1. Non-local amide H neighbours of D29 (under 5 Å, H modeled in plane, Pro and chain starts lacking H): which ones?
2. What is the fewest-to-most order of R24, R135 by other Cβ atoms lying within 10 Å of their Cβ?
3. Under 8 Å for C-alpha pairs, at least 6 residues apart: give me the relative contact order for the range 6-158, rounded to a whole percent.
4. Would you mind classifying the range 139-188 by shape? Square roots of the alpha carbon gyration tensor eigenvalues, ordered a ≥ b ≥ c; an a/c under 1.5 is rounded, otherwise it is prolate if a/b is larger than b/c and oblate if not.
5. Return the FRET efficiency for the residue pair T78, H105: r is the Cβ-Cβ distance, R0 is 30 Å, and the value is rounded to the nearest 0.05.
6. Sorting I68, I152, I179 on the 10 Å Cβ count, fewest up front, what's the list?
7. With everything on Cα atoms, drop me the angle between helix 124-137 and the longest principal axis of the chain, reported from 0 to 90° to the nearest 10.
8. Per 0.36 nm of contour for each residue apart, how much would the distance between K165 and R46 grow if the chain were fully extended, relative to their Cα-Cα spacing?
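Please treat every number below as a calculation from the coordinates, not as lab data. Values in this document were obtained by computation on a predicted structure and should not be read as measured data. Cβ coordinates were reconstructed from backbone atoms using ideal geometry, including for glycine residues, and neighbour counts include every protein chain displayed.
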Amino acid sequence: MGYFDAFSFHQGNDLPKLLMEIKRVLKPDGCLLFALPGGNTLPELRSSLVLAELERTGGVSTHLGPYIDVSNIGGLLTGTGFKLPTVDVDEIAIGYPNMMVLMEHLGRMGEGNACKARKDRVGLGTFLAAAAVYRELYPEDDEGVVASAQVIYGIAWKEHESQQKPLERGSATNKMTEITVTKTSGGD
C-alpha cells in the first residue's frame, strides 16, 4: 500500500505532472482525497512583509511559498483526467501572541518558503517593522494577532466504467421552458 502526503501539494513544482502520476498509479475507480492550503492563506503575513520590505529596502521578494487558488483546483483535476471532482473550502482564523510566534510555528511545521529564488534572510529591521505592521493592521481582541488559513479539500476518482456518466447530448425529454416551479405552503 502506498502513501502520499496530500497536504504537500503546494510544495510541488509541477502540480499537473504530479496529479497525472497519482492518477497513473491509482487502480480504476481509485480515489484521490486531499487537503491543501489555498491561495488565501496567510494574507496578513504576506501584506505585512510586503509593506515592511517596501519601506525598508524599496523592493519585495517572496517570503511565503505560492499557494494554489481554489478556482483552479477543479480545472487541474479534470484537466489531468480525474472524474467526478468535488472541492470544498474552509476559512480558518487562528490567534497568535505575535508575528514572531506565528513564524516560529510555520518553521516548525516545515512551512518555510520553498521557492528556489528566495532571499535567505529578512533583515532584523524589516522583520521588526513587519511585526509592528502586523500588530497594527491585524489585531485580535487586544491579545495578539490573527492569522488566516484557507484549506481546500478535494476528492476525485480515476475513471471506471461503473461511474456515473452524463446522458447523451440532446436526450432530454423536457425543455427548460416547460419546467415550472410551484410554491408549497409550509406545514407544521
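1. Residues meeting the criterion, in which the H sits 1.01 Å from N, are K158, E159, H160.
2. On the way: R24 10, R135 15.
Ordered by Cβ neighbours within 10 Å, fewest first: R24, R135.
3. 42
4. Taking the square roots of the gyration eigenvalues as a ≥ b ≥ c, the range 139-188 is oblate.
5. It comes to 0.30.
6. On the way: I68 18, I152 24, I179 7.
In order of increasing Cβ crowding within 10 Å: I179, I68, I152.
7. 60
8. Stretched out fully, the K165 to R46 stretch lengthens by 38.6 nm.
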